[in-house]
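Participant: Let me give you the structure first, and then I'll get to my questions.
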Amino acid sequence: MIDFKEYAVITDNEINGFQIIRIIKGSFSDIEFTYGKVEIVEDKDAYTANIKFEYDIQHGLIAEDALDEFKVLLGHLLVAIIQSQLEHNEIVYSGGIDGE
């Protein structure tokens with residue numbers, strides 16, 4: 001489970017319209033990043049979906065051998081953000097194709 005107290009949205013700064021998120025605690029503390037394009041890819045035959053996302057590190061360095069762990073963390077955080085926004089009716093959707 002994601003503890004949102006371990007992350008901060010830097011509200012006074014954006015890059016290309018994307019909010020910067022700072023990791024406050026843990027092995028990636030002080031890393032700042034933005035999410036980019038996010039898409040949910042359904043496998044209708046298997047009744048599953050995966051989230052694909054892009055991200056950019058704005059501040060800090062990730063060791064090459066820690067990249068997979070970092071990507072997993074960002075994936076878990078993104079799912080938690082989406083779930084929280086859905087629960088509070090705050091999710092914003094733009095782009096994509098309607099009617100499929």
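Participant: Please count how many residues of segment 1-21 are assigned to a strand (DSSP E or B), over 15 Å from Val79 (Cα atoms) and modelled with pLDDT of 70 or more.
Facilitator: Taking segment 1-21 first, the residues assigned to a strand (DSSP E or B) are 7-15, 18-21.
Cutting the leftovers down to over 15 Å from Val79 (Cα atoms) gives us 8-15, 18-20.
Then drop every residue that is not modelled with pLDDT of 70 or more, which leaves 8-10, 18-20.
Adding up the residues that qualify gives 6.
Participant: Would segment 79-93 turn up any residue that is in a strand (DSSP E or B), at pLDDT below 95, hydroxyl-bearing (Ser, Thr, Tyr) and loosely packed, with under 10 Cβ neighbours inside 10 Å?
Facilitator: no
Participant: Right, something else. Would you say Gly96 is outside any strand (DSSP E or B) and either polar (S, T, N, Q) or modelled with pLDDT of 80 or more (or both)? Give the steps one after another, and end with the answer.
Facilitator: Working: outside any strand (DSSP E or B): yes; either polar (S, T, N, Q) or modelled with pLDDT of 80 or more (or both): no.
No, not satisfied.
Participant: Taking only pairs six or more apart or across chains, which ones have beta-carbon atoms under 7 Å, a first residue in segment 37-49 that is over 12 Å from Leu78 (Cβ atoms), and a second residue that is of a type outside the set (Lys, Arg) and outside any strand (DSSP E or B)?
Facilitator: none
Participant: Okay, moving on. Determine which single condition Ile51 fails, assuming it passes every other condition in (1) at pLDDT below 90; (2) surrounded by 12 or more Cβ atoms within 10 Å (Cβ to Cβ); (3) among the β-branched types (Val, Ile, Thr).
Facilitator: Of everything listed in (1) at pLDDT below 90; (2) surrounded by 12 or more Cβ atoms within 10 Å (Cβ to Cβ); (3) among the β-branched types (Val, Ile, Thr), Ile51 misses just condition (1).
Participant: Do you know which residues across segment 36-94 are touching a strand residue (DSSP E or B) at 6+ places or on another chain (Cβ under 8 Å) and polar (S, T, N, Q)?
Facilitator: Thr48, Asn50, Gln58
The values are calculated or read from the model by the stated rules, or taken from the named source; none is laboratory data. Keep in mind that this is a model prediction, so the values were computed, not measured. Positions of Cβ are generated from backbone atoms using ideal geometry, with glycine treated the same way; all protein chains shown enter the neighbour counts.
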